[in-house]
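Student: Encoded as structure tokens, here's the structure I'll be asking about.
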Amino acid sequence: MSPELEELYQEVILDHSRRPRNFGDLADAAVLVHGDNPACGDEIHLGVRFGEGGNVQDIKFTGRGCAISQASASLMTTKLKGKSPAEAMEMFRVFHDLVTGETDDAPRMLGDLRLMQGVRKFPQRVKCAMLAWRAIEQALQQSAGESTISTETDFVAP
Amino acid sequence: MHRVASSAVDWNAIREDFPILREQAHGHPLIYFDSAATSQKPRNVLDALRNYYEHENANVHRGLHELSSRATAAYEKSRQRVASYLGAATADEIVFTRGTTESINLVAQAWGGKFIRARDVILLTEMEHHSNLVPWQLLAERTGAQLRFVPVRDDGTLALDQLPSLLTPEVKLFAFTHISNSLGTINPVAELCDKARSVGALTLVDAAQSVGHLPIDVRELGCDLLAFSGHKMCGPTGIGALYGRADILDSIPPWHGGGEMIVSVTLEKSAFKKAPHRFEAGTPNIAGAIGLAAAIDYIERIGRSAIFEHDAHLAGYAVERLTELPGMRVLGPREDRGALVGFVMETAHPHDLTTFADQHGLAMRGGHHCNQPLMRRFGLAGTTRASFYFYNTTAEIDRMIEILRAAVRFFS
């Protein structure tokens, strides 16, 4: 097995992809974001409920996708519960820099999400890793209601 | 090692003609199973391109000097070569384009713009590549025409029993693929053209996946228009052609305006050349056309029947071996398929599988293959596709099976 593969598909990542945490519909979600990666057909449906001060009180997702997108979504949900919007956005930024290779040392705040660092060697898989994060970014911006996002930023809905 | 009973082709020697097949990928010998996306190029095609630029390069149809004569002769000889390869009546029935996509867009825009009215019907199938779907959607939007689709059955073949209700006199054009790029289905072109003719509809065949893989004779098939790309049949990228029966091409107005396609120009208006030059505005892809002719020379030296037999053997062997794997679903017909196999595995998503395989030197494609409606039809986001050409071997398929077995162990 190549070291790149071992690094990309670490045991924790495979575990989250096989048994995603917080997988399911979130009852009385304040925001529901449908995310889609048109390049591969992967999709996520992310429900978020906010508590006092706009903190992420609960977060769940459904959808289908590759091991990377599923593990990224699963790890993200475990990490974001209880976080303030500012903290969540900071985590978005730091995670993005990690998988795109813009930072070399993975900040401790990411916890197990640091294991996704292997994605940087597979540029065509960055969108898989970012799908759930694009969805939470949208959820934080709108804080109520339902919407749709895409990993293709130049995507124009017909 | 395998043999094709009825041909004396030395398939292993053929691999020597493709320098790229000696490449390594991630430290492994390259196994190239993505020829449905683009094929590799034999040395004679690479040599033809170099020879053109070293000895003949000039603009065509306009220079009065020696090099321009050579370039023009080589370019027009290539058109002749394509015509005889397809069984066209004359070289004037061949329009050089950038490829299948541009050929279809030419028909949709120039022919469609002149002949299609609101409530006319364009008949397509559910298995069309986006390149034979989106141009018609654009035309329908512009004109108010309707699109109809021949459904695909679970076994990957067209539901031909539904044709009578779909192929009605309102249908002006029936455009369909010869070989599905996701399912491998080979459609009965001659039968479909015959049925279309009986209601007065024109036919356009998307031959992207077939033109380099099996014998094609447009007059035997009875099609009116046929589109293909050079790069999937050993030729360079950026060159392809539209075949159109002479009377049909002559009825189509110009498409792109510019030099090369005019007879005379005043400030107010222009007179246009006849087909095919009417459709080739600007300096064409001269080197590409010459490279395409070299690709045809190469393919014809092997023989298209021998290639088809070899490809069919590889595809059949791949289906047989793939179905040994646990949790495997192979798409498309069991038999009579083109040189490709699309599949999904319970244990791994196509993207994970393709990444895994790539790290072992095996190049396949994972995703929707520009077939989103078809993927939806089968309830899938995408598939993994292994596609073959005459330079592939059963030994490579055996290696693919080993790699997929390792992937099952890895991901489950």
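The values are calculated or read from the model by the stated rules, or taken from the named source; none is laboratory data. No experiment lies behind these values; they were computed from the predicted model shown. Note: ideal-geometry Cβ built from the backbone for every residue, glycine included; neighbour counts use all protein chains shown. We work out accessible area using only protein heavy atoms, side chains counted, and drop any ligands, DNA or RNA first. Shrake-Rupley method; radii C 1.70, N 1.55, O 1.52, S 1.80 Å.
Table: residues versus (1) under 28 Å from residue B:302 (Cβ atoms); (2) open to solvent by 10 Å² or more (accessible area, probe 1.4 Å).
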| residue | (1), (2) |
| --- | --- |
| B:38 | yes, yes |
| B:45 | yes, no |
| B:55 | yes, yes |
| B:58 | no, yes |
| B:76 | yes, yes |
| B:99 | yes, no |
| B:124 | no, no |
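Student: For segment B:5-41, what are the residues that are polar (S, T, N, Q) and away from chain A (no Cβ under 14 Å)?
Tutor: B:6, B:7, B:12, B:35, B:38, B:39, B:40
Student: Select from segment B:370-409 the residues that are open to solvent by 30 Å² or more (accessible area, probe 1.4 Å) and within 14 Å of chain A (Cβ to nearest Cβ) and list them in ascending order.
Tutor: B:370, B:372, B:373, B:376, B:377, B:379, B:402, B:405, B:409
Student: Criterion first (at pLDDT 95 or above and closer than 15 Å to residue B:411 by Cβ) does residue B:357 satisfy it?
Tutor: Yes: the conditions hold for residue B:357.
Student: Within segment A:104-158, can you find the residues that are at pLDDT below 85, open to solvent by 30 Å² or more (accessible area, probe 1.4 Å) and aliphatic (A, V, I, L, M)?
Tutor: Answer for segment A:104-158, where residues must be at pLDDT below 85, open to solvent by 30 Å² or more (accessible area, probe 1.4 Å) and aliphatic (A, V, I, L, M): A:156, A:157.
Student: Sort through A:64, A:93, A:49 and tell me the only one that's open to solvent by 20 Å² or more (accessible area, probe 1.4 Å), more than 24 Å from residue B:26 (Cβ to Cβ) and within 14 Å of chain B (Cβ to nearest Cβ).
Tutor: Being open to solvent by 20 Å² or more (accessible area, probe 1.4 Å), more than 24 Å from residue B:26 (Cβ to Cβ) and within 14 Å of chain B (Cβ to nearest Cβ) holds for just one of A:64, A:93, A:49, which is A:64.
Student: Where in segment B:62-151 are the helices (runs of 4 or more DSSP H), entirely inside, with at least 1 residues that are assigned by TED's automatic domain parsing to the domain that holds residue B:206 and within 23 Å of residue B:230 (Cα to Cα)?
Tutor: The helices (runs of 4 or more DSSP H) meeting that bar are B:66-86, B:100-106, B:134-143.
Student: Please find, within segment B:303-350, the residue that is surrounded by the most Cβ atoms within 10 Å (Cβ to Cβ) out of those that are part of a loop (DSSP other than H, G, I, E, B), out of contact with any Asp or Glu (no Cβ under 6 Å at 6 or more places or on another chain) and within 14 Å of another protein chain (Cβ to nearest Cβ).
Tutor: For segment B:303-350, the residue satisfying everything is B:349.
Student: Could you list, in sequence order, the residues of segment B:224-271 that are of a type outside the set (S, T, N, Q), open to solvent by 50 Å² or more (accessible area, probe 1.4 Å) and in contact with a Gly (Cβ under 8 Å, 6 or more places away or on another chain)?
Tutor: If the condition is that a residue be of a type outside the set (S, T, N, Q), open to solvent by 50 Å² or more (accessible area, probe 1.4 Å) and in contact with a Gly (Cβ under 8 Å, 6 or more places away or on another chain), then B:256 is the only one that fits.
Student: Separate question: Find all pairs meeting these conditions: Cβ atoms under 8 angstrom apart; at least six residues apart or on different chains; first residue within segment A:97-115 and within 19 Å of residue A:5 (Cβ to Cβ) and in contact (Cβ under 8 Å) with a residue 12 or more places away in the chain; second residue open to solvent by 70 Å² or more (accessible area, probe 1.4 Å) and of a type in the set (Phe, Trp, Tyr).
Tutor: Sorted first by the residue in segment A:97-115, then by its partner, the list stays empty.
Student: Right, something else. List, please: which pairs have Cβ atoms under 6 Å, are six or more places apart or on different chains, and start with a residue in segment A:1-25 that is within 11 Å of another protein chain (Cβ to nearest Cβ) and end with one that is among the charged types (D, E, K, R)?
Tutor: A:4/A:121
Student: Could you tell me which residue of segment B:173-188 is surrounded by the most Cβ atoms within 10 Å (Cβ to Cβ), considering only residues that are of a type in the set (Val, Ile, Thr) and closer than 21 Å to residue B:102 by Cβ?
Tutor: Top of the filtered list is B:177.
Student: May I ask you to list the residues in segment B:202-223 that are assigned to a loop (DSSP other than H, G, I, E, B) and surrounded by fewer than 23 Cβ atoms within 10 Å (Cβ to Cβ)?
Tutor: B:214, B:215, B:216, B:217, B:222
Student: Right, something else. Quick check: anything in segment B:115-131 under 24 Å from residue B:278 (Cα atoms) and among the small types (Gly, Ala, Ser)?
Tutor: yes
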